[in-house]
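Since the structure comes first, as structure tokens, the remarks are kept for the end.
Every read-out reported here was derived from the displayed coordinates using simple, explicitly stated rules and does not represent laboratory data. Keep in mind that what you see is a predicted model, and the values were worked out from it rather than measured. Every residue, glycine as well, gets a Cβ built from its backbone with ideal geometry; the counts of neighbours run over all protein chains shown.
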Amino acid sequence: MPVSTKHVLIVSPALARENNGNWQTARRWCHFLRSRYQVTIASDWNGDASAPDLLIALHARRSAAAVAAFARAYPARPCVLVLTGTDLYRDIDTASEAQASLASAGALVLLQSDGMAQLAPALRAKTHVIYQSAPALRPVAHGAQRRYYDVCMIGHLRAEKDPLTFMRASTLVTSAKARLLHIGGALETALGQAANATVASNARYRWLGNLAHGVTRRRLARSHAMAICSLMEGGANVIIEAVTSGVPVLASDISGNRGMLGDDYAAYFPVGDAAALARLIDRSIDDPAFHALLKAQCAARAALFAPEKERNSLLQLVDNMFRG
């Protein structure tokens, strides 16, 4: 199909310098849509720049000004709103600007199915679930005499990601070869100080700071398991990248993670429970059958996260929005 002259603008409050999940979504969707449309990414839209034919906004609250400006200036043009974790599990209940974005958008996108329960019934009819994706990587084979069993956590140090639980778990793990690696920059000073203090007092824990996406993914692919401790998630990219790398996930028991991994997944731990996470880490290392079960359960979800599936779902949504 030839590339259309229609212009799609993706508004993402996070751009490349933030190197977070929202930016990865914006970057990937831009790539998919450019096969059919003219696409740009910006952190905002206030009417000054040339008007897009369709607006895709990530984050109901943080992109609220752009959504409102577009709706006022071009009420007949389509607007798609992608709901993040803080949208679904906090802001749409408490922030009037997030609620206004929900009302203005012609279509809503969730990044995992469990989030549908957070929406009022009247909104569900215009809501679509599009799972994000990552190219599959060949699992890294480790020899029987491996020196470390690395369990990584990937995410900037901020309260919603609950990095303190990962730090505390590093003091409670008993497996001799366990090593806990945290990748991400400190967005909150106190959490950066806590990470430095944990590094100084506990040889099991290493804080690697902010790494490039490709470097991070290769580090993840070499890991024994990945921990996600988040208090809220809309549909974590890091889960997808772990699953498509053959790396089991140890996940906080929240709606956003259940929507990605399924209700029957065997490695959830209560939010904030460092001891329970430490037990899962130990069991994943000391019990090969348990680790194999987690790998099999993750492999069964991998088809949801195929790039072609995400691309087709996104293009179908945008095509239909233009058709009206």
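For a quick check, take a GNM of the chain with Cα springs below 10 Å and name the residue from Asn312, Asn22, Asn237 with the largest mean-square fluctuation. With Cα springs under 10 Å in the chain, the top fluctuation among Asn312, Asn22, Asn237 is at Asn312. With the largest listed first and rounded to whole Å, the semi-axes of the equivalent ellipsoid of the range 32-124 from the Cα gyration tensor are 22, 15, 12.
For the chain, the Cα gyration tensor yields ellipsoid semi-axes of 36, 20, 18 Å (square root of five times each eigenvalue, largest first, whole Å).
Among Lys295, Lys161, a tally of other beta-carbon atoms within 10 Å of each Cβ gives an order, fewest to most, of Lys295, Lys161. Nearest-5 percent of antiparallel DSSP beta bridges in the chain? That works out to approximately 0 percent antiparallel. Roughly how tilted is helix 274-286, in degrees to the nearest 10 and between 0 and 90, from the longest Cα axis of the chain? Taking Cα atoms only, the helix is inclined about 70 degrees.
Between Ser4 and Lys309, the contour length at 0.36 nm per residue exceeds the alpha carbon distance by 107.7 nm.
For the chain, the Cβ-based charge dipole about the Cα centre amounts to some 960 debye (Lys, Arg positive; Asp, Glu negative; other atoms uncharged). The three principal axes of the C-alpha atoms in the range 149-304 carry coordinate ranges of 39, 32, 28 Å, sorted with the longest axis first.
Comparing mean-square fluctuations of Asp87, Asp253, Asp287 from a GNM of the chain with C-alpha springs under 10 Å, the top value falls on Asp287. Just so you know, the Cα atoms of the range 166-220 work out to an Rg and Dmax of 11.7, 31 Å. Ordering Ala57, Ala251, Ala303 by Cα displacement along the dipole of the chain toward the positive end leaves Ala303 in first place; charges were set at the Cβ atoms of Lys, Arg (+1) and Asp, Glu (-1).
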